[in-house]
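Peer 1: Take a look at the following structure, please.
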Amino acid sequence: MKVLLPFTMSFALASAAAVTQTLDPFIYGAFGKTATFSVANQLGFFTNQGLDVTLSPIPNSTFGYATLLSGGYDLLTGTVDNAVNLRFNSEKPLTVVGQLDLGPELVLAAVPGINNVLDLKGKALMVDAATSGYAFVLRKILALHGLQLGTDYTFQIVGATSTRFQLLSQGSLADGTPVFATILTYPFTSLATTANPPLPILARVSDFVAPFFSSAITVRSEDADPSANPSSTIPRFVAALLGASRFLGDPANKLCSIQAIATDNGFSDTVAEAAYLSATNSVSGETAQVDFEPSRLGILNVVDVRMLSGGFAQAGLAFDFADALVPGDGLLLDLRVRDVALGLVQDLESGECPLL
Ligand SMILES: *[C@@H]1O[C@H](CO)[C@@H](O)[C@H](O)[C@H]1NC(C)=O
């Protein structure tokens, strides 16, 4: 009995601990899974932070930002152009706490038979929304080839990248209307280029705009100051992503990261390796902005691209972008959540892989 009792007790305590360990729910709005998310999700970074993360797919940007503002997501990631637009044109209380990526795999892709940008003359091109970030990038690239919206091509407004990729792959909208081209991003470009037959890539955005600030970690402005509750769920979620970003950026973790991407998305090794290479590209990937530091030139380029298409009608000509884009408390770029999260990061050992 004297030997068995401690054994029985510690066994009971261990099971009780396993059963009663509670994770805080966290609703994450996202257009898709980044490589950083897949690493965090597969390697336990979220559960290590005590979080039960639900990725809620955003069907289109209009819906996504309205849902964040009304409290339907705790945080979202989306191209920073949306936050720039909604805050500077419409004074919406949105705050960017860090830069997740530089536009990995952001390309203009087409259906087989369309082989260069000039082939798009007279065609309709699929976009998420006519006045959101990727539509403006598309207009810039086409303008640099002498093609203007309305005169030389039109838009088909169909929604997020996953939807556009699906329609591009099948060659038509649900009602049979033919489709020709659209902007794709990670990981759909890897799926497009490894498809049989591969979908042609007409242009890479990073050949026209770089650095480009694409995915922004975005919260409601009321959540931008974590000082009252530094271990609340938002800084812990950002800490999980920070740990995953560092892991993904370490070349010693290449095989483990590819495995995480493959498992999280149900991808073949070929697609997962292509996706990994784009996620770790130093010009356009997810790991070049160390610890999610925002790129000033990257966001100035986003503003430039929107300006080219007259996208600041409400902000007006006198708006001081140079000043409004300096990071600071209460401003669009407010890094207080990121800074608190840096103190909460739980790193995995380099080369350690719970999956392999
Ligand atoms: C955006 O998504 C919402 C919710 O699914 C939908 O009701 C709305 O029609 C969509 N808007 C566009 C432009 O696709």
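Peer 1: From the list Gly310, Gly330, pick out the single residue that is of a type outside the set (A, V, I, L, M), surrounded by fewer than 16 Cβ atoms within 10 Å (Cβ to Cβ) and within 21 Å of Gly98 (Cα to Cα).
Peer 2: Answer to the check: Gly330.
Peer 1: Okay, moving on. Taking Met9, is it at pLDDT below 95, outside any helix (DSSP H, G or I) and among the hydrophobic types (A, V, I, L, M, F, W, C)?
Peer 2: So Met9 does not fit the description; no.
Peer 1: Follow-up question, since we're still on this one. Tell me, please, whether a residue that is among the aliphatic types (A, V, I, L, M), outside the structural domain of Ser162 (by TED's automatic domain parsing) and under 30 Å from Leu86 (Cα atoms) can be found in the range 244-262.
Peer 2: Yes.
Peer 1: A follow-up question, please. Could you please find all residues in the range 231-248 being surrounded by fewer than 24 Cβ atoms within 10 Å (Cβ to Cβ) and out of contact with any Leu (no Cβ under 8 Å at 6 or more places or on another chain)?
Peer 2: Ser232, Arg246
Peer 1: Quick check on this structure: which one of Gly72, Gly122 is in the same structural domain as Ile157 (by TED's automatic domain parsing), at pLDDT 95 or above, touching a strand residue (DSSP E or B) at 6+ places or on another chain (Cβ under 9 Å) and outside any helix (DSSP H, G or I)?
Peer 2: Just one listed residue meets the conditions, Gly122.
Peer 1: Quick one: how many residues across the range 86-100 are within 17 Å of the chain's Cα centre (by Cα) and over 25 Å from Ile201 (Cα atoms)?
Peer 2: 6
Peer 1: Just for the range 101-131: of the residues that are farther than 21 Å from Pro200 by Cβ and surrounded by fewer than 23 Cβ atoms within 10 Å (Cβ to Cβ), which one is nearest to the ligand (Cβ to nearest atom)?
Peer 2: It comes out as Ala129.
Peer 1: Could you go through the range 322-342 and let me know if any residue there is in contact with a strand residue (DSSP E or B) (Cβ under 8 Å, 6 or more places away or on another chain), part of a helix (DSSP H, G or I) and among the charged types (D, E, K, R).
Peer 2: The answer is yes, given that some residue of the range 322-342 is in contact with a strand residue (DSSP E or B) (Cβ under 8 Å, 6 or more places away or on another chain), part of a helix (DSSP H, G or I) and among the charged types (D, E, K, R).
Peer 1: Identify, from the list Pro59, Pro112, the residue that is in a loop (DSSP other than H, G, I, E, B) and assigned by TED's automatic domain parsing to the domain that holds Ala324.
Peer 2: Pro59
Peer 1: Does Tyr65 meet the test of being at pLDDT 95 or above and assigned to a loop (DSSP other than H, G, I, E, B)?
Peer 2: Criteria not met by Tyr65.
Peer 1: Could you check Asp175 against (1) assigned to a loop (DSSP other than H, G, I, E, B); (2) within 16 Å of the ligand (Cβ to nearest atom); (3) in contact (Cβ under 8 Å) with a residue 60 or more places away in the chain and say which number it fails?
Peer 2: That leaves (3) as the condition not met.
Peer 1: Could you check Ala40 against (1) modelled with pLDDT of 95 or more; (2) part of a helix (DSSP H, G or I); (3) within 16 Å of the ligand (Cβ to nearest atom) and say which number it fails?
Peer 2: (3)
Peer 1: For Asp250, indicate whether it is at pLDDT 95 or above, farther than 29 Å from Phe188 by Cβ and out of contact with any Phe, Trp or Tyr (no Cβ under 8 Å at 6 or more places or on another chain).
Peer 2: Here the answer is no, as Asp250 does not meet what is asked.
Peer 1: Can you tell me which residue among Thr62, Thr77 is under 18 Å from the mean Cα position of the chain (by Cα) and surrounded by fewer than 18 Cβ atoms within 10 Å (Cβ to Cβ)?
Peer 2: Thr62
Peer 1: Considering each residue of the range 147-166, count those that are assigned to a loop (DSSP other than H, G, I, E, B), away from the ligand (no atom under 15 Å from the Cβ) and either free of Cβ contacts under 8 Å to residues at least 12 places away in the same chain or among the hydrophobic types (A, V, I, L, M, F, W, C) (or both), and give that number.
Peer 2: 4
The values are calculated or read from the model by the stated rules, or taken from the named source; none is laboratory data. Keep in mind that this is a model prediction, so the values were computed, not measured. So basically every Cβ, Gly included, is an ideal-geometry build from the backbone, and we count neighbours across all protein chains shown.
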